[in-house]
């Protein structure tokens, strides 16, 4: 090691300081950008919490609306949204997982498969109000289901089908080929390989897609306007062919149709809706983390 | 599952031909990867296949349990005989062949399940559900793969947490659990460190008492250490095939000599 002269050391220190300043500047910029991305979410949450929290009470969650929807609670809408989420999941998850696995594992590459994939992508881009009209003409009118939980669930199910198909296909493709080969080399059939190796490996990804779908179903207004939602229905549905109230539509009605409504009812309803969606996302994250932990870290 | 241990079944015919190829050719699309290879593999022996990268030895190996069919665009001609019967004959289910002819891959590829579930995977797919029976198979297979001592206390932890060498022995145990007659090994130690490689080689020597083993390797010392017969592949041809000590000390073909003396490859 040659001794460093004093002048060199001073210059090196100055260069180091300049570098550190540049680094601090860039990091600060990144921080500001992250803040810009998060700010709307934080502002919305603050707005909802400030305006909605005073409205939240046991009665608000467990009672129906009263006094021409100018007071009372949201219980029927809460139940209705729950039923629609459940019903549409029953429709979309089995079909979507089967479709995604078909595309990733069984479909032969070719123009037909490309066409299917293109159709799935396009379906994901269709505006939700178009799904509403589709559900109205097919399920409500043509199949004579009327405005009902059933028709709404089917409509919402069709709407989120592309999300689940794409998520499943993507997740199945990410299962390493070496796992499939290991299974086949043990004398497993193609189907058992898909069932016992590909599907479990794809499960975290499928779950993510399913929860995205649930969030969408819980929040959409347009598809249920014509197919499932009742303007005002203080009692709960007794059959799948009954209409229901639902949180997003209730919010829409409160905001546009009800004169002199208590604004706290609106923000309270919105707060409940957002909380439900955030909770379901949280649940998905926890489930996925637990699945990953069981499958083991490291990996090959 | 057969109830008779593999050792009894195979040793009846030790040294006899267990598997053979007859005029085997394989194409990837229009490129011929294996050219008219005829060879026999002795029962309860280790046969090594050596050759430079891309010589077709792994392709040849995968033809023996019909794993090439899993890859798109592979076309096979000629016969592969298992106990004298063509595994490519019409009406033969590749699933049955793969059960009798097991395979261990180049890179350890345990499933992202627990150690127990990895070994139990094959037997479960073949209809073993009784807990006691499965536990017995898992223990026997892990002991055969000389892994039992290391994992007995943590059978229900993720296999991915094992070291690379342990993962490869787990994959061997998983292959043994379905009681194959033949075990194909595709460079099973190439991704392992020297200590783990040594353990896998010792294991191979032990396993050939019960199984017929065909191993692909590009490590000539390894072929010399573990095998009784060796085949040298070059450009898709089986250039030379004979007893390992003869092939390495008195090769008949100048190309073999060039390869084993390190002039190419």
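At-a-glance table
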{"read-out": "Inverse mean reciprocal Cα-Cα distance (Kirkwood Rh) of region B:6-260, Å", "value": "18.6 Å"}
{"read-out": "Ranked packing of A:259-266, B:86-93, most packed first, by mean Cβ within 10 Å", "value": "A:259-266, B:86-93"}
{"read-out": "Shape box of region A:186-232 [Cα atoms, principal axes, largest first, Å]", "value": "59, 17, 14"}
{"read-out": "Estimated Rh, the protein assembly as shown: Kirkwood, alpha-carbon pairs, angstrom", "value": "28.5 Å"}
{"read-out": "Among A:124, A:289, A:13, residue whose mean-square fluctuation peaks in a GNM of chain A (springs only between Cα atoms under 10 Å)", "value": "A:13"}
{"read-out": "Other protein chain Cβ atoms within 10 Å, averaged over every residue that makes up B:153-163", "value": "2"}
{"read-out": "For region A:76-294: Kirkwood Rh in Å [reciprocal of mean 1/r, alpha carbons]", "value": "18.7 Å"}
{"read-out": "Partner chain coverage, peptide B:109-120 - average Cβ within 10 angstrom", "value": "5"}
{"read-out": "Per-residue mean of C-beta atoms belonging to partner chains within 10 Å, peptide A:173-181", "value": "3"}
{"read-out": "Normalised per residue, the volume of the convex hull around the Cα set of region A:207-300 (Å³)", "value": "136 Å³"}
{"read-out": "Mean Cβ neighbour count within 10 Å, used as a protection proxy, ranking A:196-204, A:20-28 highest first", "value": "A:196-204, A:20-28"}
{"read-out": "Gyration tensor (Cα) of region A:1-62, equivalent ellipsoid semi-axes in angstrom", "value": "56, 11, 7"}
{"read-out": "Highest to lowest packing among A:244-252, A:85-93, scored as the average C-beta count within 10 Å", "value": "A:244-252, A:85-93"}
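Any read-out appearing in this document is the output of simple, stated calculations on the displayed coordinates, not a laboratory observation. Since the structure is predicted, the reported quantities are computational estimates derived from the model, not experimental observations. Please note: Cβ atoms are built from the backbone with ideal geometry, for glycine as well, and neighbour counts cover all protein chains shown.
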